[in-house]
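A quick write-up on the structure given underneath.
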Amino acid sequence: MGSHSSAVARIPDADDIRRETGFSQASLLRLYHRFRSLDRNKKGYLSRADLQQIGALAVNPLGDRIIDSFFPDGSLQVDFPGFVRVLAHFRPINEEDTRTRDPKEPEPLNSRMNKLRFAFQLYDQDRDGKISQQEMLQVLRLMVGVQVTEEQLESIADRTVQEADEDGDGAVSFLEFTKSLEKMNIEQKMSIRILK
Amino acid sequence: MAFQVFVPFCPWKVLLLLVALKCSEATSNLNESTNATARHEPNVRFAAASSEPDEKISVFALDYDYVQIPYEVTLWILLASLAKIGFHLYHRLPGLMPESCLLIVVGALVGAIIFGTDHKSPPVMDSNIYFLYLLPPIILEGGYFMPTRPFFENIGSILWWAGLGALINAFGIGLSLYLICQIKAFGLSDVNLLQNLLFGSLISSVDPVAVLAVFEEARVNEPLYMMIFGEALLNDGISVVLYNILIAFTKMHKFEAIKPVDILAGCARFIIVGLGGVFFGIVFGFISAFITRFTQNISAIEPLIVFMFSYLSYLAAETLYLSGILAITACAVTMKKYVEENVSQTSYTTIKYFMKMLSSVSETLIFIFMGVSTVGKNHEWNWAFICFTLAFCQIWRAISVFALFYVSNQFRTFPFSIKDQCIIFYSGVRGAGSFSLAFLLPLSLFPRKKMFVTATLVVIYFTVFIQGITIGPLVRYLGVKKTNKKESINEELHIRLMDHLKAGIEDVCGQWSHYQVRDKFKKFDHRYLRKILIRKNLPKSSIVSLYKKLEMKQAIEMVETGILSSTSFSTPLQAQRIQGTKRLSPEDVESMRDILTRNMYQVRQRTLSYNKYNLKPQTCEKQAKEILTRRYNTLRDSMRKGHSLPWGKPADTKNIRYLSFPYSNPQPTRRDLRAEELTDNSSSDSDLSFIMFNANSQTRPLQERQLTQEIIPMKNLNRGGKPSNFGYPRSTSQEERVGRGRWAALRPKPLFHAVDEEYESGAESEEEASTIGSRWSAEHRCRREHRRSHSPLLHKK
């Protein structure tokens, strides 16, 4: 693999990416190798088909949505910075990051808010900023086994929206979503150790 | 079977009693019949017959001596198996205590029976039987089932921990006990240093995998798992080597005459024995891999080759006084990779199951011998020795764990936390190995052998029962800190979503290799070793038709059980929609939560799962099948409605994955395909379908039209960059209707990394495949066992 510095130099815009995402040089290099190994035809970008080849995602109930999250705004390709940007959401939160951060700068991608936003957009497919009962139902259907009947699913979806919905509009906005998860340790749940 | 769950112990207790009665009847018969130390003389029947003048021909006579040994051994094994069945019937038990507890109890029971019925000559374990017959299967199984990628990734830490840990423990315990023995008050002053050291070495042999099953569901992280596994694997070898060296010392000199040069010689011997054993193992592993390359016509002897060569490596190493245990371990590890690719599916399954069976039988027998020697008169109880042994075992294990890990953490990218270290410390459960070594101490050199045996037994009982039972709760306590109050439905749903999300993103990231040595080895492996050791030939068409037959059968089954019916995914019944904000009672909420908890899909486990006593059926496979089927169905529905192709479509209808009857043109060699499929070697994040496809893909005659299949050619990057074509048949007329053109247009891009491609990419994706692998290897094996029969069902359009 050669020495790190020369290899990192091959990554275009490495410094910008690092600043934006906060990855270490080593992690960035590994992600680059991963990107290139996924990119079968060496196109320089990833398409949905490339990500669909990851066999384990095929048996993940949310596999499709996860792949979609790499292609924001309906685009068909994702380049390396985009790829890294998505993965940056899953960086573990470092204590020093939060303390020494300049409050005027935009939040780092792996902040709690941004992690929650990432999870939120898995539900909110039509990007209207709210999770409707239908969208909740769709996610439920994906995640629950076939033994559960449709009525049960609907009532569960109803109940879920009901629990979180505070302003009574029948949908869960992002703030309501965050509020319902305030007790959860999102930082740990949505962090991947190897992405330090 | 419902009643059996509620009354779990009754059925097998009854069976136990029956068998026990038979046992005692057999043994009492022994006492009645004329007997002349029948144990080793099967011909005694003739002797007995001839010594008594027979006046008449007896029509019905009993001859127990002839069959005594095999008869009793079989009964014991059967008893242990029945106990295991009972153990697993009550589904909560395996999570509470390790299975060794059960085996020990059974052993003690048999021991009690034998003692109670005053059996004159029970079969006894002696050194030859143990070292030549009982030990190799256990070691072989450990080596074979070890996941290689994580092992080699952590090999530095594992060697450091297992090797040095064993040494520190052995010498620490030995020396401390020696100091205790010096104290006159305990009456132990005749136990000299060497004997104490020897005792230390045999008591430090741990068997931590026995407890792995107990905290399996707490999802211990992978490196921790590997440390425990690796320690178990290497520990036996190291203890036995140490034991043999110390015995040699004991025989060789009087204690005072040992010079430093002897000690140096001992150390050198230790290293040579270890490395020599490994070398032998590797050589034999390669030889057997090479031989399996040629066995496609007689696949019935493939398991035989595997077992015989492993055993041969053990014996050959033992001939030269090298470590047979390390030899057989190295042989299993080396052999596994290539043999798995070469042998047929049935052989693979056979090898797996037979290995488990052999090792399970061995262990059962050892525990029974242990039980027999527990209940008996040959004990010497010395309070001081035993208590201090127990204490020192724990103390020295703690010292070695924390000290060694402190050092190795400095060099690790992902250091082990204190919690991990506590788990490792607490999993120091002793097992069959220590007992055997203690039992086989030569009495001539060890006048106080009985005391040693008693002390060993006490340590084993203590660690297995007390530590084994409490380690589960401990791990759960250390690991998952659940909030006491129940989570709302919202939280449950979101937590599960995030778990799935995290697992998915982890899969996208793949596994990262840290070692260049590993990459270099892989290059070497691909370029040279695989060419020599892996088969080239295509399978005969009889196998192909066998696969086809089984796929059809499975297809029929699935339809009949209703999995494929689309009625389960009907559109929402609008009429029954609960309107508005209806107030739900707490019981409703409770039941909803229950439904959710029970029915949500499990998150794919990335950590390995190994059970020493069992080959668990993969329940995740069923889940995976379900998920894929549903995707197929939703896709099919959306296609029927005339939607455009999924690129750029909302979520659920995105899949274009081809899971169908494999079909191919004659080109691709089986080796390449199997290579794609198999875990450690598959260098691609191969799609599930292609894995199944590939494994199946052989030269099918193109005239299998009777299944109304169409072929959609697909490009594939093959080894060396030659494209080859695979066809994807579509079955069922419905699919044809949807439009062949669409699918042709959708021809997926090449989905494989040829095994040979660039190693920087190949390396990482290989590991990913192999991590999917440890999980998936089981799935794939299961799939292969079903002859990839569900592939036709999981059709995509």
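Here are the numbers for the structure shown:
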{"read-out": "Of all residues in segment A:39-48 being facing another protein chain (nearest Cβ under 7 Å) and farther than 22 Å from A:Asp126 by Cα, the one that is modelled with the highest pLDDT", "value": "A:Asn41"}
{"read-out": "Filtered residues of segment B:54-72 (kept if exposed (fewer than 15 other Cβ atoms within 10 Å of the Cβ) and aliphatic (A, V, I, L, M))", "value": "B:Ile57, B:Val59, B:Ala61, B:Leu62, B:Val67"}
{"read-out": "Boolean, B:Pro415 is surrounded by fewer than 17 Cβ atoms within 10 Å (Cβ to Cβ), over 29 Å from B:Val106 (Cα atoms) and in the same structural domain as B:Leu179 (by the TED database)", "value": "yes"}
{"read-out": "Selected residue (only one of B:Gly237, B:Gly274, B:Gly266 is in the same structural domain as B:Met355 (by the TED database), in contact with a helix residue (DSSP H, G or I) (Cβ under 8 Å, 6 or more places away or on another chain) and at pLDDT 85 or above)", "value": "B:Gly274"}
{"read-out": "Residues satisfying the stated conditions in segment B:316-348, i.e. under 25 Å from B:Gly274 (Cα atoms) and not in a helix (DSSP H, G or I)", "value": "B:Leu320, B:Tyr321, B:Leu322, B:Ser323"}
{"read-out": "Matching entry among B:Leu132, B:Leu164, B:Leu93, B:Leu175 (being in contact with a Pro (Cβ under 9 Å, 6 or more places away or on another chain) and surrounded by fewer than 21 Cβ atoms within 10 Å (Cβ to Cβ))", "value": "B:Leu93"}
{"read-out": "Residue among B:Glu231, B:Glu222 that alone is crowded, with 16+ Cβ neighbours inside 10 Å, at pLDDT 85 or above, under 25 Å from the mean Cα position of the chain (by Cα) and within 21 Å of B:Leu159 (Cβ to Cβ)", "value": "B:Glu231"}
{"read-out": "Test set (1) assigned to a helix (DSSP H, G or I); (2) at the interface with another protein chain (Cβ under 8 Å from one of its Cβ atoms); (3) basic (Lys, Arg) - A:Lys183 fails condition number", "value": "(1)"}
{"read-out": "Residue under evaluation A:Ile131, criteria (1) more than 7 Å from chain B (Cβ to nearest Cβ); (2) surrounded by fewer than 21 Cβ atoms within 10 Å (Cβ to Cβ); (3) under 25 Å from B:Asn599 (Cα atoms); (4) not basic (Lys, Arg), criterion not met", "value": "(2)"}
{"read-out": "Test: residue in segment A:93-102 that is buried (at least 20 other Cβ atoms within 10 Å of the Cβ), under 30 Å from A:Leu51 (Cβ atoms), at pLDDT below 85 and more than 11 Å from chain B (Cβ to nearest Cβ)", "value": "no"}
{"read-out": "Of the criteria (1) among the aliphatic types (A, V, I, L, M); (2) closer than 30 Å to B:Asn599 by Cβ; (3) modelled with pLDDT under 85, which one A:Leu109 fails", "value": "(2)"}
{"read-out": "Matching residues in segment A:134-172 - criterion: being touching a strand residue (DSSP E or B) at 6+ places or on another chain (Cβ under 8 Å), of a type outside the set (Val, Ile, Thr), more than 20 Å from B:Pro586 (Cβ to Cβ) and within 7 Å of another protein chain (Cβ to nearest Cβ)", "value": "A:Met143, A:Gly145"}
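Each row is one residue, and each column tells you yes or no for (1) outside any helix (DSSP H, G or I); (2) closer than 15 Å to B:Arg496 by Cα; (3) of a type outside the set (Ser, Thr, Tyr).
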position	(1), (2), (3)
A:Glu107	yes, no, yes
A:Asn110	yes, no, yes
A:Asn114	no, no, yes
A:Phe120	no, yes, yes
A:Arg127	yes, no, yes
A:Leu140	no, yes, yes
A:Val148	yes, no, yes
A:Gln152	no, no, yes
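Conditions (1) small (Gly, Ala, Ser); (2) over 21 Å from A:Phe120 (Cα atoms), marked per residue:
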site	(1), (2)
A:Arg30	no, yes
A:Arg34	no, yes
A:Asp50	no, yes
A:Gln53	no, yes
A:Pro61	no, no
A:Ser69	yes, no
A:Ser75	yes, no
A:Val78	no, no
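The rows are residues; the columns are (1) modelled with pLDDT under 80; (2) more than 11 Å from chain B (Cβ to nearest Cβ); (3) surrounded by fewer than 17 Cβ atoms within 10 Å (Cβ to Cβ); (4) in contact with a strand residue (DSSP E or B) (Cβ under 7 Å, 6 or more places away or on another chain).
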residue: A:Ser3; (1), (2), (3), (4): yes, yes, yes, no
residue: A:Ser6; (1), (2), (3), (4): yes, yes, yes, no
residue: A:Gln25; (1), (2), (3), (4): no, yes, yes, no
residue: A:Gln53; (1), (2), (3), (4): no, no, no, no
residue: A:Pro61; (1), (2), (3), (4): no, no, no, no
residue: A:Ser69; (1), (2), (3), (4): no, no, no, no
residue: A:Gly74; (1), (2), (3), (4): yes, no, yes, no
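The values are calculated or read from the model by the stated rules, or taken from the named source; none is laboratory data. Since this is a predicted model, take the numbers as computed values, not measurements. Cβ coordinates were reconstructed from backbone atoms using ideal geometry, including for glycine residues, and neighbour counts include every protein chain displayed.
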